Amino acid sequence: MTILQDHLRARSGDLRLEFDRAFHFQRSHLVEVELGLAATTLAEFRVGLASADESAIYLHTVEARARSGRRAGDFAQWLREALELPALAERFERIDPYLTTLERVRGRLLSLVDRALEEERA
């Protein structure tokens with residue numbers, strides 16, 4: 001379980017936001033927590049991507065783009081800079097995380113990595 005899920009389970013009562021005549025502004029806090037996963041190769045990255053919590057997919061695709069103002073998320077940036085795989089990074093950038101679920105984003109990213117690993121072996 002994630003920290004947020006544990007927190008919400010510990011709270012009692014109705015957690016839905018109730019609307020009345022006034023709009024009540026709220027803020028959120030992004031809390032980054034080390035998952036104990038690291039990668040230095042594309043194969044290691046694939047293992048981490050497949051097993052990381054869904055919130056990590058959000059952080060490194062959606063939040064990273066919003067935070068930095070760039071069109072590339074953290075994954076694409078790392079592929080480009082650390083592994084020098086600009087073509088794969090470009091394919092990662094083309095995935096729009098806003099139009100689907102995070103699990104589908106993960107699946108598409110894994111498919112791209114699998115294809116790149118197959119090309120490496122050939």
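Of all residues in the stretch 78-89, which are surrounded by fewer than 18 Cβ atoms within 10 Å (Cβ to Cβ) and under 16 Å from the mean Cα position of the chain (by Cα)? Once the filter is applied, which keeps residues that are surrounded by fewer than 18 Cβ atoms within 10 Å (Cβ to Cβ) and under 16 Å from the mean Cα position of the chain (by Cα), the stretch 78-89 yields only Trp78.
When the stretch 53-77 is limited to residues that are more than 19 Å from Arg104 (Cα to Cα) and out of contact with any helix residue (DSSP H, G or I) (no Cβ under 8 Å at 6 or more places or on another chain), the one that is least open to solvent (accessible area, probe 1.4 Å) turns out to be Ser68. Take the residues in the stretch 98-122 that are surrounded by fewer than 11 Cβ atoms within 10 Å (Cβ to Cβ) and part of a loop (DSSP other than H, G, I, E, B); name whichever of them is farthest from the chain's Cα centre (by Cα). Among them, the one singled out is Ala122.
Among the residues in the stretch 104-117, are any of a type in the set (D, E, K, R) and either within 23 Å of His29 (Cα to Cα) or touching a residue at least 40 places away in the same chain (Cβ under 8 Å) (or both)? The answer is yes, given that some residue of the stretch 104-117 is of a type in the set (D, E, K, R) and either within 23 Å of His29 (Cα to Cα) or touching a residue at least 40 places away in the same chain (Cβ under 8 Å) (or both). Restricting to the stretch 38-64, name every residue that is out of contact with any Phe, Trp or Tyr (no Cβ under 9 Å at 6 or more places or on another chain) and of a type in the set (Phe, Trp, Tyr). Tyr58 - this is the single residue of the stretch 38-64 that is out of contact with any Phe, Trp or Tyr (no Cβ under 9 Å at 6 or more places or on another chain) and of a type in the set (Phe, Trp, Tyr).
For Phe23, the test of being in a helix (DSSP H, G or I) and of a type in the set (Phe, Trp, Tyr) is failed.
The values are calculated or read from the model by the stated rules, or taken from the named source; none is laboratory data. Just so it is clear, the structure is predicted and the values come from calculations on it, not from any experiment. When we count neighbours, we look across all protein chains shown, and the Cβ atoms used for this are built from the backbone with ideal geometry, even at glycine. The protein model used for the area step is the full one, side chains on, heavy atoms only, and it has no ligands, DNA or RNA in it. Shrake-Rupley method; radii C 1.70, N 1.55, O 1.52, S 1.80 Å.
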